[in-house]
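For reference, the structure discussed in these notes is given below.
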Amino acid sequence: MNEDLKKQMELHSVGAIVRHESPFEKLISHRNKSELNSDFIEKWVLPFYMSIGHYYDDSWIDNVINISKEITEEITLKLLGDFNWRSRLVGTYFSAVKNFQGQIDIIGIHFLKSELCCVGHIYSLVLAFYNNEKTNDYLNSYLKYYLAKPELYFDQESVLESIVYLDKINGTNFYQQHHKEWKKLNIQRNKIEVDNTFNISKIIEKEQGKESAKQYLNTITSNKNIKNKDINIDYITKQIEIVRNLQSVCS
């Protein structure tokens, strides 16, 4: 295996699936100087990264409570500084549970730079939970940039859920600042999805014949219904309540 391919596989594994430039590049990310050891990962990452934030199964909450007395700022800094979506997700959540507000900018910068997949919804959740001028500015700054980037379809919907939730409890109207761009993004994403679908159908036609390609197109197009997604805040409302309850018990 050549070194370039090996590097690409390593980046994909940690969540750096889409590499992109943004106006946030100059922001300095918190990064560890060394890799996390296997014992640390086994204790602090593996038991939590796949369960935190589950909607229908909240059995993970007791696991967070049970380990909360051992969570220190040093632990969360190590988790946040690891270039891996799994550890950053856990670090972000634990930081909020323990009310380590000195780490908000670390989380906010990770959020804006969006270097890793699968963790943006937790950044957004935690920033919305803190609900102050700084954290709300991170959320709005994210949307101002990423709603105009249909090719970077990251966590725009989760962030809009945070904004709508905050509008509801704060009596603000930030969602209206982003509504038009959200509609435009969905139209552009629809076009991208259609283009991708037709490209895949051409491959299927070449390999399996016209009938298989036709069936694929019919199946995909009949299931597409993403024109104007409504923003539902049920998930974030429940998750913020969970963080609030955990913080009252654990911090």
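The values are calculated or read from the model by the stated rules, or taken from the named source; none is laboratory data. Computed from a predicted structure; not experimentally measured. All Cβ positions, glycine included, derive from the backbone under ideal geometry; neighbour counts span all protein chains shown.
A few notes on this one:
- Meets criteria (under 19 Å from T237 (Cβ atoms), among the hydroxyl-bearing types (S, T, Y), buried (at least 17 other Cβ atoms within 10 Å of the Cβ) and touching a helix residue (DSSP H, G or I) at 6+ places or on another chain (Cβ under 9 Å)) for Y142: no
- Looking only at the range 61-79, and only at residues there that are among the aliphatic types (A, V, I, L, M) and either loosely packed, with under 13 Cβ neighbours inside 10 Å or free of Cβ contacts under 8 Å to residues at least 60 places away in the same chain (or both), the one that is farthest from S34 (Cα to Cα): I67
- Qualifying residue in the range 205-225 (condition: modelled with pLDDT under 65, surrounded by 11 or more Cβ atoms within 10 Å (Cβ to Cβ), of a type in the set (V, I, T) and assigned to a helix (DSSP H, G or I)): yes
- Residue that is surrounded by the most Cβ atoms within 10 Å (Cβ to Cβ), among those in the range 149-174 that are at pLDDT below 95 and over 16 Å from F111 (Cα atoms): P150
- Subset of the range 25-42 [in contact (Cβ under 8 Å) with a residue 24 or more places away in the chain and either of a type in the set (D, E, K, R) or not in a loop (DSSP other than H, G, I, E, B) (or both)]: E25, R31, E35, F40, I41
- Of the residues contained in the range 86-97, one or more are found to be assigned to a helix (DSSP H, G or I), under 25 Å from W182 (Cβ atoms) and of a type in the set (S, T, N, Q).
- Per-region count, the range 1-24, residues among the hydrophobic types (A, V, I, L, M, F, W, C), closer than 20 Å to G81 by Cα, modelled with pLDDT of 50 or more and not in a helix (DSSP H, G or I): 3
- Candidates E115, E70 - the one that is of a type in the set (D, E, K, R) and within 19 Å of D155 (Cβ to Cβ): E115
- Some residue of the range 182-193 being polar (S, T, N, Q) and in contact with a helix residue (DSSP H, G or I) (Cβ under 7 Å, 6 or more places away or on another chain): no
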